[in-house]
Amino acid sequence: MIITTKAIPRRTVLRGLGATVALPFLDGMVPAFAAPPVASARGPRRLGVVYLGNGAVMKSWTPAAEGSLGELSPILEPLAPFRDRLLVLSGLDNKPGLALPGEPAGGHGRISGSFLTGVHVKPTEGADFHAGISIDQIAAQELGRHTELASLELGLESTEFAGACDAGFSCAYTTIISWRGPTTPLPMENNPRAVFERLFGDRDSTDPAARLVRIETDRSILDSVAQKATRLQQGLGSRDRAKLTEYLQAIRDVERRIQKAEAQSARELPVVEQPAGAPDKFEDYAKLMIDLQVLAYQADLTRVITFMIAPELSARTYPEAGVADPHHAISHHQGNPENLAKLVKINTYHTTLLRYYLDKLQSTREGDGSLLDQVTLLYARGMADSNAHTPQGLPLVAIGPELRGGRHLRFEGTPLTNLFVTLLAGLGVPIERFGDSTGVLPELTGL
């Protein structure tokens, strides 16, 4: 890392008409004679949770042996380039997601509602839903003090949470995993344009005219800050100039893809459950939303993101994976080998999206390393065997700077919330207890 005599303020932004572009972390933001950063504090700590509904085929998910990761299971094979970073966890239980005697049969709503909250949610199909604060929001209370946005909640399917989506359970439980408090679910934003404008629109302006003119004339937000960016680059070192150029190009690329998607959505298309402005192809849509997350981390606009690739009860089909059956329907496989093979294809396809996410984080430089060195990421499903709606022995992968990867750890009857307490401690947000937790998992650090 190059240490300069004249430091650029960390919160410097490029402000233009209808746009506010925060800068990534640059060498020029480190003042001369500053204490050299230690390995565990090279950048801000960040938390990401990637959630998938409808369970997994556990025989094809779970590595064959405990300890050092050798050959990866079929579903995890796409993550082979990151083997040394992966911490595969087996045997953690979300007991609050189990049904109590006399409760409605709907397992999906109960399971996803309890997943990040660690509490047994109130069975209801009305607006009197009740869960608890989720771990991402506990992290956001601390990490969000340093950023413009405390957290981002993103998804790829319906954001509706009124009415019932599962027998006896409100849609708030199935379409949302982030809760600010017991009665305050945080809807998952699924429109790329809305996310982009939240990150880079001029949030200080009360007049939307500039934004509308820019969109209607197909102008980039970067057009209005181009001169300021050029002046700033003239005072930067070569490494910072390259980093800033790469960052601005990434913003322009994402914006171009959103504009293209919006143009496509104006065409007459078959009725499809997707938001306006989303690309036609699901993979393009998912990657666009992942790129927005990387930009949000890179500009330090937020340090906490939850991302729901597939909610519980998702009926999306995956022609990209060679599966025409709806996801939820095929997850009730009844032990049929053909159905299990299709569900493995869907599970593996989802893993390729995680691989893309990790590739993007690793290729984005920050300080002397990459964004991947600064993000604690949990890749999780709320069910194990989807056919039985099992919230025990969950399929989980964790990656993070405080974790010792390259291992498969097996637990038995251990609360999932112990993992959450451990991850929060690693983020500098220690809590004594959460949900049904009984302690921490010292095995994760290997110390």
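Each reported figure results from applying straightforward, stated rules to the coordinates on display, with no laboratory input. All values reported here derive from a predicted model rather than from experimental measurement. No Cβ is skipped: glycine too gets one built from the backbone with ideal geometry, and neighbour counts run over all protein chains shown.
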_Extreme residue, positive dipole direction of the chain, given options Asn347, Leu441, His120 (C-beta unit charges)_ = Leu441
*Taking a label point 7 Å from the Cα of Gln334 along the Cα→Cβ vector, which residues of segment 377-397 have an amide N closer than 15 Å to it?*
387-388
_Summed side-chain charge close to Ser60 - residues other than Ser60 whose Cβ falls under 11 Å, Lys, Arg +1, Asp, Glu -1_ = +1
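Please find the FRET efficiency linking Ala105 to Tyr356, where r is the Cβ-Cβ separation and R0 is fixed at 30 Å, and quote it to the nearest 0.05.
Once the sixth-power term is evaluated, E becomes 0.25.
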*asked:* Tell me the angle of helix 238-265 to the major Cα principal axis of the chain, expressed in degrees between 0 and 90 and rounded to the nearest ten.
replied: 60
*All aspartates and glutamates inside 19 Å of Lys281 as judged from Cα atoms, apart from same-chain residues fewer than 8 positions distant*: Glu157, Glu189, Asp253, Glu255, Glu262, Glu268, Glu273, Asp291, Glu320, Asp325
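Fewest first, what order do Val88, Val50 take by the number of other Cβ atoms within 10 Å? Mind showing how you got there, number by number?
On the way: Val88 25, Val50 22.
If I rank by nearby Cβ atoms, fewest first, I get Val50, Val88.
Could you give the dipole magnitude of segment 77-192 about its Cα centre, charging the beta-carbon of Lys and Arg +1 and that of Asp and Glu -1, in debye to the nearest 20? Mind showing how you got there, number by number?
Details: 7 positive and 14 negative charges, 64 e Å.
Here segment 77-192 has a charge dipole of around 300 debye.
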*Neighbourhood charge, 12 Å Cβ-Cβ cut-off, centred on Asp166 and excluding it, Lys, Arg +1 and Asp, Glu -1*: -2
*Can you list the HN-Hα couplings for segment 44-57, worked out from phi with the Karplus curve (6.51, -1.76, 1.60; θ = phi - 60°), rounded to whole Hz and with x for Gly and Pro?*
x, 6, 9, 10, x, 10, 10, 10, 9, x, 6, x, 8, 8
_Farthest positive-ward along the chain dipole, Cα basis, beta-carbon charges - from Pro326, Ser220, Ser158_ = Ser220
*Taking amide H positions as placed in the peptide plane 1.01 Å from N, state which residues far from Gly91 in sequence (5 or more) or on other chains have amide H under 5 Å from it.*
Gly393, Leu394, Phe411
_Under 11 Å, Cβ to Cβ, from Ala398 - net charge with Lys/Arg +1 and Asp/Glu -1_ = +2
*Would you be so kind as to identify which of Ala19, Leu92, Pro187 lies farthest towards the positive end of the dipole of the chain, taking Lys and Arg as +1 and Asp and Glu as -1 on Cβ and the Cα centre as origin?*
Ala19
_Cβ-placed point charges (K, R +1; D, E -1), dipole of segment 351-443 about Cα centre in debye, nearest 20_ = 200
*Once amide H atoms are built 1.01 Å from N in the peptide plane, which residues 5 or more positions from Tyr318, or in another chain, come under 5 Å H to H?*
Val323, Asp325
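Using a 10 Å cut-off around each Cβ, can you sort Arg407, Arg110 from fewest to most neighbouring Cβ atoms? If you can, show how the numbers build up before the last one.
Working: Arg407 20, Arg110 31.
With the sparsest Cβ surroundings first, the list reads Arg407, Arg110.
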*Projected label distance in nm at Ala324 and Asp128, using a 7 Å step from Cα toward the beta-carbon*: 4.6
*asked:* At 0.36 nm per residue, and after removing the present C-alpha to C-alpha distance, how many nm does the segment from Lys260 to Asp223 gain when stretched out fully?
replied: 11.5 nm
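Treating only the Cβ atoms of Lys and Arg (+1) and Asp and Glu (-1) as charged, compute the dipole magnitude of the chain about its Cα centre; round to the nearest 20 debye. Don't skip to the answer; put the middle values down first.
Details: 45 positive and 50 negative charges, 279 e Å.
It comes to approximately 1340 debye.
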_the chain: calculated mean residue ellipticity at 222 nm from DSSP helix runs of at least 4, using -39500 (n - 2.57)_ = -9500 deg cm²/dmol
_Virtual spin-label span in nm between Arg145 and Asp253, 7 Å along Cα→Cβ_ = 3.6
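State the volume of the convex hull built on the alpha-carbon positions of the chain, expressed per residue in Å³ and rounded to an integer. Don't skip to the answer; put the middle values down first.
Details: hull volume 65.3 nm³, N = 447.
With only Cα atoms used, the chain gives 146 Å³ per residue.
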*Take the Cα atoms of segment 315-447, find their three principal axes, and give me the spread along each one in whole Å, biggest first.*
44, 38, 23
*Within a Gaussian network of the chain (alpha carbon springs, distance under 10 Å), most fluctuating of Gly405, Gly335, Gly369*: Gly335
*Excluding residues on the same chain fewer than 8 positions from Lys345, give the lysines whose Cα lies under 17 Å from its Cα.*
Lys59
*Tell me, what is the percent relative contact order of the chain, built from C-alpha pairs under 8 Å that lie six or more residues apart?*
29
